[in-house]
Structure formats: structure tokens, C-alpha cells
1. Select from segment A:162-174 the residues that are facing chain B (nearest Cβ under 8 Å) and within 22 Å of residue B:266 (Cα to Cα) and write down the one among them that is surrounded by the most Cβ atoms within 10 Å (Cβ to Cβ).
2. List the pairs whose first member sits in segment A:96-109 and is facing another protein chain (nearest Cβ under 7 Å), whose second member is buried (at least 24 other Cβ atoms within 10 Å of the Cβ) and assigned to a loop (DSSP other than H, G, I, E, B), and whose Cβ atoms are under 6 Å apart, counting only residues at least 6 apart or on separate chains?
3. List pairs: first in segment B:72-101 and under 15 Å from residue B:217 (Cα atoms), second outside any helix (DSSP H, G or I), Cβ under 7 Å, 6+ apart or cross-chain?
4. Based on this model, can you work out whether residue B:252 counts as farther than 30 Å from residue B:165 by Cα, crowded, with 17+ Cβ neighbours inside 10 Å and modelled with pLDDT of 85 or more?
5. I'm trying to understand the selection: among the residues of segment B:268-279, which are assigned to a helix (DSSP H, G or I) and either touching a strand residue (DSSP E or B) at 6+ places or on another chain (Cβ under 8 Å) or facing another protein chain (nearest Cβ under 7 Å) (or both)?
6. What number goes with the only condition from (1) part of a loop (DSSP other than H, G, I, E, B); (2) at the interface with another protein chain (Cβ under 7 Å from one of its Cβ atoms); (3) modelled with pLDDT under 85 that residue B:20 does not pass?
7. Suppose the filter is within 14 Å of chain A (Cβ to nearest Cβ), assigned to a helix (DSSP H, G or I) and either touching a strand residue (DSSP E or B) at 6+ places or on another chain (Cβ under 7 Å) or surrounded by fewer than 19 Cβ atoms within 10 Å (Cβ to Cβ) (or both); does residue B:135 pass it?
8. Consider residue B:58 carefully, then state whether it is under 30 Å from residue A:121 (Cα atoms) and within 13 Å of chain A (Cβ to nearest Cβ).
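The values are calculated or read from the model by the stated rules, or taken from the named source; none is laboratory data. Everything numeric here is computed off the predicted structure, so don't read it as measured data. Glycine also receives a Cβ, built like all others from the backbone with ideal geometry; neighbour counts cover every protein chain displayed.
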């Protein structure tokens, strides 16, 4: 195990220290002078940089909406097919395909599908809706985040379905039976008996998906490139822009460290709950 | 009462069979329709890429997009880069990772914290380490090289391998190894002669999943490679930044090339997909 730990330490600990050093300087690729400025980069990001705050908001909106949609779809489908799970088997392969595809391919597909003139989504909506649907998915700032949300739900909804189905199938029949005998049914049976029994798996699914969603990058890079304007720019995409488009490495490093700080808190609790649930 | 009967009663009112089948078919349609669209687009002539209203079936089937993508845009090179980098990194990560996993599983090396630390690395966004690593790699001449990319892919796939393989090793009964130990086998030969063969299905599934994840990786090659070492995902995104306008057909063709191998591999290990996707937490 020594090689594994050494490799990981070398590629995380050293860059981490270096990132702190960079973040404390005005460090632009285009300028040779790199004066020490203390925590000014952090201050600017937190208090003067509306674009940074916007990226946090967009990330939270996209992550929470997509997580909620995927979860509701997954749970609904899992409950529906709980007793008919044999049927799911023959389609499982098919609905798992989106999950295996690279997120960049999903992003590219979304960019075509949501195009208002040649995209097929408006075409299909026109069949279901009266009149000619012409929604400007990609050029409307309020709709662009929705494109990311829907594309992510398309890719990961089936995952939620299958994982929650696995959870339901593993629940103990006896407990349910006792509850049914006691007269529990409908929503109360679900809330008091079914939900607690699938809690560990539920937690794992939500945590894994949530953490992935908080660092959404690939999908954004291909589907909307953060636009129009900055309406769908997530934190990771903004950090990337800071460093690799504006070449402001000081600000980029500071933003990355702020994100790391916020995420570490989430990761700490999340990993702990996953480790516990897995045991 | 049998378990089967209980399953039938709770929550669900007698939904009709037809309704369930319809719901499944709808889900299947939703999942596959966009992919069908991409495949069809890759065979369309240029005029139909952006026709409004959209056409599903190509009026005139053509493989021009494939020719352009493969030779003019050097998709062949990107595919080759992907195969080399992801292939070697997968083997490296599997070797280092399963050794580490075995040691965590049998000797609890480093205690629980180190295993948790390894898992948490998986959840950190690579963008955080990108700039310092890039400077570091440029200094030591690893930027834009197979060696550098393979090193990074290996490192970022390790947590996954360690966690999944640890789960598979944990499932092997200790008795076999203990008796081998009594007979005088070294730990390393126990590992190669018993642990690895006994976890062969898990080993195979982990290898393929690692390959699939590596195949999808976008950020590392985006930052650490220039045109010469582009992999399929970066090549796909490069179409958008170039001034030539939008080449939907060749992009769709490249997407098909990118999708095909992973879907075929996924079919082989369908049984282990959920387990892999949850780092072994859900046995599925």
C-alpha cells in the first residue's frame, strides 16, 4: 500500500501547499511581478466578486434541483417496480446506457437536443403540446441552468432507480409484514417502515450524486459553456475560467481553496456517513 | 407467511401489468432516444445536421462525417491516445490499488483513517490541484506527455480501485489463506495464488469499470495535454473552440466512437455496475 499512499500524497499534499502560496500573491501569467498581498484575493472573491457568488448560487441551484429530480424519479420508479422487479431486468441494460457515457458526450448531445431550431426536444414537445413549441433553451439565461439539470437527470436518474430498487429488494419482509398486520398502510407505512429500512442505501446514493453534482464541470463545458453570459456557470467552471482563460492564477487558487474548504466540510460528513452505512 | 407474499401487499395497489410495461418502455425510450439521435446524426449529410424542423432519419445515408472526423480531424489519433493512456493507467492503478486494498483488507494497515482519506480524494474537484500540478509538471517535463498523463490518470483512479477491491477481498473467507500461511506461504504468494484468483470476477469487473471511468475523464487531458495528446473527450470539446464553425456530424461520429467501447464493456459487467458506481457500498 505504500506506493498508493505515496503517489496520492505527492499529487495532493504538495499541490495543496503550492496552491496556498499562489493564492496569497497577485499572480498573473501575463505579468512577471508577483507581489505578496496576503488574503486580498480571498477578500475580493467573497465580498467584491459577484461572478464568484453567482457561480456558487448556480452550483447550488443546479445541484439541488438535479438531485431532487433524480431522487424523486428514482424513488417513484423503484416503488412502482418493487413487486415487479423481474420485469426491470430486461430493460436494465438499456436504461443504464446513459450512465456509462462520458459526461462530455452527454453535454454535446444536450447542446444539440435543446437547440431551438434543429434540436429534437422542441420538436417532441410540439407533438405533445398544442401549437408550435419554440423554447429558447440555450439562449435564455433562466432556462440554461435547466438544460444542465435535465441533462444530468437524464444521465443519472436511472442510477437512482436501480440503486433504490436494490435497497427495497433487500428490506426484510418480516418487518413490513408486522407493520401491515398492525394496520399501517399508504404513506405512513412508507414513512415509518419502508423509508428507515432503505436509509443507508438512500444516503449513499444521495451523497455520491450530490458530491458529483457540486463539482459539475464536463457537462457545463460542453452543453452551455457557462452561458448565456454567466447564467449557468458553476464554481468549478468559474475557477477554470479564472486560471485558464483570464490567467489570474492568484484568484483561481484562492477560489479553488475556498471551494475546497466548503467542500471539505460536506465531504467529511458525507464520507463518514457512507463509511458507516457501508458497514 | 412467505416473503414473496409480503412483497406483493405493501404500498402498491394493483397497478395493471400493462401500465407497468408501458412505464418501463417509456423509461427505455427516454434513455435511448438521445443516443439514437446522435447515431443517426453521425450518418446525415451536412445539410441535415441543422435542418429545421429536425429530421430523424438521414435522407441520404453517408459516412462522410466519419471520414472527416477520423482522418481530417485526426479522431484516429485521439482514439489511439485514449487507448494508450487509459489502458496503461488502468493496469497501473489495478496493480498498485489491489496491493494496497489487500493490505488494508488483511492487516488494517494505517487504520481506518487512511482508507477514508483515500476515498475523500475521489471527491475533491481536480480543478483545485490543477494549477500547482501544472506548474510542477511543466518544471519536471511531464506536461503534455504520455508519462505525465498516465501518472495522473493512475493516481485519480486509485481511490476507486482501492475501495472496490477492498470490498472484494473482504469477502474471501480467511480460513484458506490462514492454512496456506501455516504451510509456509509468504503473504505475497498468498496474494497472487489465492486472493487474486478467488476474487477474479471482482478483479475483472473493477478493471473494466476503471477503464470506463478513465475513458470518460475530461479535465485531466484538457489541462495537462496539448493537441498532440488529446484524448477522445477533449477532442470532442475542441470542436467548439475552433473557428471552423459547428461540425455537428463529425462530432456525432466521434461521440459514437466514444460511446461504443464503454457500452460494450458495460454489458459484460452489468452485474457489478451498481456496486462499482457506489464504491462497493451497495452490493446490488
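1. Taking the candidates together, the pick is A:163.
2. From residues that are facing another protein chain (nearest Cβ under 7 Å), the pairs are A:104/B:218.
3. B:78/B:230; B:78/B:231; B:81/B:230; B:81/B:231; B:82/B:231; B:85/B:231
4. Values: farther than 30 Å from residue B:165 by Cα: yes; crowded, with 17+ Cβ neighbours inside 10 Å: yes; modelled with pLDDT of 85 or more: yes.
Yes: the conditions hold for residue B:252.
5. Looking only at segment B:268-279, we keep the residues that are assigned to a helix (DSSP H, G or I), and these are B:268, B:270-277.
Listed by number, the residues that qualify are B:270, B:273, B:274, B:277.
6. The failed condition is (1).
7. yes
8. No: the conditions fail for residue B:58.
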